[in-house]
Amino acid sequence: MNIAPLLLYAAAAVGYAWHFGKRSSRAGRAATTMLAAAALVHTFIIGMQTTEVGHLPVVGTTGALSIFVWLSSIAYLYTETTSNERSMGVFIVPLLALLQIIPTVSRYQVVARPPVLESPWFALHVSSLLFAYASFALACVIGITYVLLFKELKAKHIGFFYDRLPSLQVLDVMNARAVTIGWTCLSVGLVVGGVWATQAQAEFSDPRVQAMSVLDPTIFVALLCWIVYSFELYARRAIGWTGWRTAWLSAIGFAIVLLNFLPIGYFLTRTHNF
Amino acid sequence: MSQLFLLGVSHHTAPVDLREQLDFARRGLPDALAAVIDRPACGEAVVLSTCNRAELYVRCDDAMETREDLVRFLGEFHDVDRESLAPHLYDFASVDVARHLFRVAAGLDSLVVGEPQILGQVKDAFTAASDAGCTGSLLNKLFHWSFATGKRVRSETELGQGAVSVSYAAVSLARKIFGSLSKHDVLLVGAGEMCELTAMHLRAQEVRRIAVASRTSGHATALADKVGGSALPWSEIEQTLATADIVVTATGSPTPIITRESIAAVMRTRRNRPLFIIDIAVPRDVEASAGAIEQVFLYNIDDLQGIVSENLARRSAQIARAEAIVAEEVDGFMAWLHSRRAVPTVVALRERFEAIRLAELKRLEGKLTPLTPADRARVEDVTRLIVEKLLLTPTERLKGLSSADTVRLYSEALGQLFDLESPRPAAQRPDDAVAEAEHPAAPKTSVTS
């Protein structure tokens, strides 16, 4: 894949780090510009790939990863503009730059999907899950910053994060919002995936389709994710969990998402390796 | 040669009662400006009057004479006798005026170093003077330069950051926990001075409700009236803990008033919403172990004082950086002041060239008569353009000179080469001639920039 988005993501990551460390608003503006440029170039490349194969290039983990990075950067940019808060960039953009290395250096080719994936369900399944994961990435980052600030305030030693982060309340609300959006998309993606897999099993004899069940690592871990985030939402509403507990849950949830993406997606799954 | 001059008093040199007497705002700033500009010695004037300083910035010819005149003026205007005034005055001339004003605008000369209001006050003082027509090219430049310096210091250093009083530190902590305070209630336990001060800061943040509880209900009512809250019976403290998010305690009680158990008990009703407790009483009013409850942020007077002294230390570490910026800007301003000395030579040079051009046109008058008016106008334009272009580089070079000696050298050489009349000092020229030399209304070609 073209190296331009990776370079721009990396430059944006450096910009956000500079902005956070030195509190330079000029570096912050430059970082945002760079990230917007990265997302734009990335959009263009994904658009090219889409016209090339006739559908979103999400077949296979590498393609999905690239779309995930793209969606996350857009979700982050949206959050940054609406909340007018640039301090979270340093926690998420470097991660995006790292993940983008995989589609950039791997020699993956966008290929047309096999007939089994030619279904509107497939597009809905993949895009809602990727959007869910992008939201969870944001929730995780917001959660981490919450914990950092919370610890400073509890220790009564205010300083580095105190000067740089928005208030606990703002972080808490942003976390809740990201988790709610992510959980909704995750639920839609899982239900659609289930319905579609049942249909496909009747139609195709592909072993990968036949192997789809709750016991497949990818599907199992995705359900685990759903349980974690459902619990977070429940705990928030019913038990009154706020703050650092829900922040930790978001971090754990996203760790599971990454686990699903990288080791499981590449090595373990028997069903999601098209 | 006209120069800058400053006479003033500030919190560094004068006690508060004298500063009060010298407050120009009391008598009306426009009157003061009109009175200063009327003094024969003052060409331009700005009056900066805040609760911590009263300063007169003027353009004048002779510093010593102007000083005498302004001291007399201050005494007469405010009805203060000279003897009680003189020991508290300070004065600066020329580039030292710029250094002083830049430090003032940057907040370096303030009582609380780095406080942000002063820049706005300097701007207001300048606007008032400029609206009254009391400023010209010199003070315009000086004050605009000071705004830029103040802004630079604010954005490039952390001079103005961090709370430097206990009560404000408490408020900024509250903001870090709750964000906007407009949906949060405050409970004050005790009705002392510290409670009042903190409550005033909180009210400025537009908290939703303030409740005051005191063992003496009269005190509670009095404080509640002052801060726009409501008085609360002493017995209702514990149940109010369930709804208030910010609690300030400052009673003289020898034993804790709020126990860990009572807080732990309300956390369930609060559904774990954060509770911020500011205990500024000595001995403490809230059991220290309450701080261990998960969503309770308990700060006592030492914690807050620790934050304040950390902030003060950080501010003083920033002072050197801010001073360096000021020094840099003073150098820039000084270079501009020097280059300004070239203005009379530039004006003389332009006048000389223009005179030659007009003389030549006059000499050719006879040959030019057959031309149509349009062609006549073209000849006029072309000759003017030639003169402008010839003068473009020399003008720019002259104004770019930054040392006074070089300016003098060049001026002498040019005077000899072009047989210029020894240029009159800028001060004696009408201001528009100087302004003309700085921004000539040149035809289309930009002669200076």
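List the pairs whose first member sits in the range B:26-50 and is among the charged types (D, E, K, R), whose second member is assigned to a strand (DSSP E or B), and whose Cβ atoms are under 8 Å apart, counting only residues at least 6 apart or on separate chains? Listed pairs, sorted by first residue: B:GLU44/B:VAL58; B:GLU44/B:ARG59.
When you go through B:ALA244, B:ALA231 one by one, which is the residue that is at pLDDT 90 or above, outside any helix (DSSP H, G or I) and out of contact with any Asp or Glu (no Cβ under 8 Å at 6 or more places or on another chain)? Working first, answer last.
Details: B:ALA244 fails: out of contact with any Asp or Glu (no Cβ under 8 Å at 6 or more places or on another chain).
Just one listed residue meets the conditions, B:ALA231.
Candidates B:LEU390, B:LEU414: the one that is among the hydrophobic types (A, V, I, L, M, F, W, C) and either surrounded by 15 or more Cβ atoms within 10 Å (Cβ to Cβ) or not assigned by TED's automatic domain parsing to the domain that holds B:LEU358 (or both) is B:LEU414. The range B:54-145 holds helices (runs of 4 or more DSSP H) entirely within its bounds, and those carrying 3 or more residues that are at negative phi and either touching a residue at least 12 places away in the same chain (Cβ under 8 Å) or buried (at least 17 other Cβ atoms within 10 Å of the Cβ) (or both) map to B:63-78, B:95-105, B:117-131. Are any residues in the range A:119-177 touching a helix residue (DSSP H, G or I) at 6+ places or on another chain (Cβ under 8 Å), outside any helix (DSSP H, G or I) and at the interface with chain B (Cβ under 10 Å from one of its Cβ atoms), and if so, which ones? Across the range A:119-177, the qualifying residues are A:LYS156, A:ILE158, A:GLY159, A:LEU165, A:PRO166, A:SER167. Of all residue pairs spaced 6 or more apart or on separate chains, those with beta-carbon atoms under 8 Å, a first member in the range B:177-189 that is within 14 Å of chain A (Cβ to nearest Cβ) and a second member that is assigned to a strand (DSSP E or B) are B:ILE177/B:PHE276; B:ILE177/B:PHE297; B:PHE178/B:ILE246; B:PHE178/B:PHE276; B:LEU181/B:ILE246; B:HIS184/B:ILE246.
Among the residues that make up the range B:349-365, is at least one of them part of a helix (DSSP H, G or I), among the acidic types (Asp, Glu), within 14 Å of chain A (Cβ to nearest Cβ) and out of contact with any helix residue (DSSP H, G or I) (no Cβ under 8 Å at 6 or more places or on another chain)? Walk me through how you get there before you give the answer.
Of all residues in the range B:349-365, those part of a helix (DSSP H, G or I) come to B:349-363, B:365.
Cutting the leftovers down to among the acidic types (Asp, Glu) gives us B:351, B:354, B:360, B:365.
If we keep only those that are within 14 Å of chain A (Cβ to nearest Cβ) too, we end up with none.
No: zero hits.
Filtered by the rule that a residue be buried (at least 19 other Cβ atoms within 10 Å of the Cβ) and not aliphatic (A, V, I, L, M), the range B:217-233 gives a lone residue, B:GLY229.
Scanning the range B:252-272 for residues that are farther than 24 Å from A:ARG237 by Cα and either surrounded by 18 or more Cβ atoms within 10 Å (Cβ to Cβ) or without any contact (Cβ under 8 Å) to a residue 60 or more places away in the chain (or both) yields a count of 10.
For the range A:183-214, residues that are free of Cβ contacts under 8 Å to residues at least 40 places away in the same chain, outside any helix (DSSP H, G or I) and more than 21 Å from A:VAL257 (Cβ to Cβ) total 1. Within the range B:393-411, if we keep just the residues that are surrounded by fewer than 12 Cβ atoms within 10 Å (Cβ to Cβ) and not basic (Lys, Arg), the residue that is modelled with the highest pLDDT turns out to be B:THR393.
Looking at B:ALA244, B:ALA313, B:ALA250, B:ALA265, which one is out of contact with any His (no Cβ under 7 Å at 6 or more places or on another chain), at negative phi and within 14 Å of chain A (Cβ to nearest Cβ)? Before the answer, list the steps.
Numbers: B:ALA244 fails: within 14 Å of chain A (Cβ to nearest Cβ); B:ALA250 fails: within 14 Å of chain A (Cβ to nearest Cβ); B:ALA265 fails: within 14 Å of chain A (Cβ to nearest Cβ).
Exactly one residue qualifies, and that residue is B:ALA313.
The values are calculated or read from the model by the stated rules, or taken from the named source; none is laboratory data. Everything numeric here is computed off the predicted structure, so don't read it as measured data. Glycine also receives a Cβ, built like all others from the backbone with ideal geometry; neighbour counts cover every protein chain displayed.
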